[in-house]
Amino acid sequence: MAIPVFVDGVPAKILIADFRRAHLASFPRFVGGNYDAVIADAIDAVYDMFNGVNTMWDMESDQVWYDKTIRCYLFLTAWYIADMYPTYYKGGMVMGPLSLASKKIGDVEIRYAPKQKRSTTDEVLDSLASNVFGRNALMMLRSNLKRFRLYVDRFVYR
């Protein structure tokens, strides 16, 4: 458990070293400094794409808020790198934004799930299902207590 560090009222941004510590086994090419620009770009991208994550757990204690925020951004960074640079990822499959509906081994048959025709805020998060890191981040985002509270407040009390 790291000591919580807050900058401008939110948990401090993750660093390249944080990413390596958490995910080096899945991205062994990142052992040296040759790919630091890739990691830094991915960190910047996920902070731009998911800027609300750093306040999602602000109802919790500072330690829980910090830990969950950092963990989620680490998952999001790994998701982004695995999707953008699948050859850097070792030990898993990357499907891109495609969901598998069925597969068959004999005479090889693969079917992708049709795109759902819906217009919700969850649709934005669907692309996270493309790899294990994104699915972990998605679980954290969808199970967030503050998110449920906002949903209840919006639809029950109005």
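Where a number appears in this text, it was derived from the coordinates with a stated rule and is not lab data. In this text the structure is predicted, and so the values were computed from the model without any measurement. Here the Cβ positions follow ideal geometry from the backbone for every residue, glycine too, while neighbour counts run over all protein chains shown.
What residues qualify as long-range amide H neighbours of PHE6, i.e. H under 5 Å apart, gap of 5 or more or another chain, H built at 1.01 Å from N?
ALA12
With Cβ to Cβ distances under 13 Å as the rule, what net charge do the other residues near LYS13 carry (K, R +1; D, E -1)?
Working: positive: none; negative: ASP8, ASP18, ASP44, ASP48.
Neighbour charge sum, excluding LYS13 itself: -4.
Tabulate in residue order the Karplus-calculated ³J(HN,Hα) for region 5-20, using 6.51 cos²θ - 1.76 cosθ + 1.60 with θ = phi - 60°, rounded to whole Hz; enter x for Gly and Pro.
10, 10, 10, 6, x, 9, x, 4, 5, 5, 10, 4, 4, 4, 4, 4
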